[in-house]
Amino acid sequence: MVVLSHLQEDKCFIIAALLIWMEDTVKYKVREYRSLNCLISVPPDEPREGGWPVLVFLHGSGEAAPQELCAALTAHGPLCESSGSAATQRFVVVAPQLPEPGGDVWESQAEAVKGIGLDAAHEFGGNRAPIYLTGFSYGGDGVLDIGVRQRDAWAALWPVDPTRSPVASADRPIWVSAGPYSRENKATFRRVWGVQDRVPKSAPPPRRVYEDAGLNHVDTAAAAYRDDDIYSWLLTHRSRT
């Protein structure tokens with residue numbers, strides 16, 4: 001049996017951590033756009049004609065700085081390992097990180113979020129027309145706030161279990177992935193956004209969808225972001241006007 005000294009153990013730990021960091025660095029790109037640090041995934045294939053569509057993801061509580069960027073922005077959402085490959089194979093995915101202390105403040109970053117989508121499209125061969133906005137929890141609140149404020153900036157909106165009731169709508173396609181927070185606001189989503197329950201998979205989904213799988217907050221995000229049908233639905237909405 002080989003016995004390692006504390007120094008050797010420390011070296012092994014550092015090497016292992018470096019290898020993990022290098023693997024993440026290859027898998028994701030890190031940029032600072034509009035004063036926000038961003039984690040970015042770019043499809044491995046050549047861009048389709050016109051460029052890849054861009055999906056901007058807004059994180060929820062507990063994932064703002066000073067949390068480590070990669071760990072925080074892959075905990076939930078389209079870059080989470082459990083989400084599968086639908087997002088990362090079909091979209092340029094860009095996930096900005098709020099500065100400390102974070103919270104339900106994405107609306108204050110509305111102009112930065114809009115610019116981040118355009119910056120990522122410009123740098124990584126994305127299409128500047130179909131830019132989509134999604135977010136989980138407080139990020140879902142941000143999708144609703146920013147989507148109303150910037151009605152012509154987004155091809156479609158995808159809030160995942162937002163914590164607040166909607167107060168206004170915009171003439172945009174929307175898919176609400178409901179969980180315990182948004183479940184109690186279903187009537188308000190129907191009244192304000194005119195959403196309809198998800199139809200059977202054999203039929204095309206409507207322009208404004210409300211889906212509730214009866215899951216808890218975290219499991220709602222996991223199920224939503226691994227649902228290939230939602231990514232396909234996003235791509236049926238190609239124009240921001």
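Number of residues in the stretch 38-60 that are of a type outside the set (Val, Ile, Thr) and surrounded by 14 or more Cβ atoms within 10 Å (Cβ to Cβ): the value is 13. Residue pairs whose Cβ atoms lie under 8 Å apart, separated by 6 or more positions or on different chains, with the first residue in the stretch 116-135 and acidic (Asp, Glu) and the second assigned to a strand (DSSP E or B) and surrounded by fewer than 23 Cβ atoms within 10 Å (Cβ to Cβ), are Asp119/Arg31; Asp119/Tyr33; Glu123/Arg31. Tell me yes or no: at least one residue of the stretch 69-79 is outside any helix (DSSP H, G or I), surrounded by 14 or more Cβ atoms within 10 Å (Cβ to Cβ), in contact with a Cys (Cβ under 8 Å, 6 or more places away or on another chain) and without any contact (Cβ under 8 Å) to a residue 60 or more places away in the chain. The answer is yes; a qualifying residue exists.
Mind checking whether some residue in the stretch 48-61 is more than 15 Å from the chain's Cα centre (by Cα) and either closer than 26 Å to Ser108 by Cα or modelled with pLDDT of 95 or more (or both)?
No: zero hits.
With respect to the conditions (1) in contact (Cβ under 8 Å) with a residue 24 or more places away in the chain; (2) in a loop (DSSP other than H, G, I, E, B); (3) among the hydroxyl-bearing types (Ser, Thr, Tyr), Ser202 lacks only one, and its number is (1). In summary, strands (runs of 3 or more DSSP E) completely within the stretch 118-184 and bearing 1 or more residues that are out of contact with any Leu (no Cβ under 6 Å at 6 or more places or on another chain) and not hydrophobic (A, V, I, L, M, F, W, C) occur at 126-136, 174-178.
Residues that are touching a strand residue (DSSP E or B) at 6+ places or on another chain (Cβ under 9 Å) and of a type in the set (Ser, Thr, Tyr) within the stretch 60-92 comprise Thr74, Thr88, listed in sequence order. Which residues, taken from the stretch 133-180, are at pLDDT 95 or above and among the acidic types (Asp, Glu)? Answer for the stretch 133-180, where residues must be at pLDDT 95 or above and among the acidic types (Asp, Glu): Asp141, Asp145, Asp161.
The values are calculated or read from the model by the stated rules, or taken from the named source; none is laboratory data. Source: prediction; values computed, not measured. No Cβ is skipped: glycine too gets one built from the backbone with ideal geometry, and neighbour counts run over all protein chains shown.
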